[in-house]
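The values are calculated or read from the model by the stated rules, or taken from the named source; none is laboratory data. Quantities reported herein were computed from a predicted structural model and do not represent experimental measurements. Glycine gets a Cβ as well: all are built from the backbone with ideal geometry, and neighbour counts include every protein chain shown.
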Amino acid sequence: MITLTPAAAQEAKRLIEKEQKPNLGLRVGVKGGGCSGMTYVLSLDEATPKQYDTVTEQEGIKLIVDAKSQLYLDGTTIDFKSAVMGGGFEFQNPMAKKSCGCGTSFST
């Protein structure tokens, strides 16, 4: 399971409201690449699941995760930090054995 902090949920709601499409959710995933092997991916997506997607809801936000990504993200907490430099969504992934300095790539 992936957990959103209240700050991350608030930012996701703000981004969804800005798009003016109430059926959007937050798609969370991983893809190959990045300096440590895998990169986190976040996007706004229609909350209608595709084959092999799991959809859960937290704090009014629909989280959409494909089955492959779920293997690498189970137990992850997503937070949001507001800062002039270095702000944004942050992943706290207990499965990550190594991560890079930018915080967007990891390996298991």
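The table below lists the values:
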item	result
Enumerated strands (runs of 3 or more DSSP E) restricted to segment 1-71, each holding at least 3 residues that are closer than 19 Å to Phe91 by Cβ and of a type in the set (A, V, I, L, M)	24-32, 38-46, 61-66
Qualifying residues in segment 18-60 (those that are out of contact with any helix residue (DSSP H, G or I) (no Cβ under 9 Å at 6 or more places or on another chain) and of a type in the set (Ser, Thr, Tyr)) - the one surrounded by the most Cβ atoms within 10 Å (Cβ to Cβ)	Ser36
Positions within segment 28-51 being among the hydrophobic types (A, V, I, L, M, F, W, C) and either modelled with pLDDT of 80 or more or closer than 14 Å to Gln70 by Cβ (or both), in sequence order	Val28, Val30, Met38, Val41, Leu42, Leu44
Answer residue from segment 81-106, given it is polar (S, T, N, Q) and at pLDDT 55 or above and is surrounded by the fewest Cβ atoms within 10 Å (Cβ to Cβ) among those	Ser82
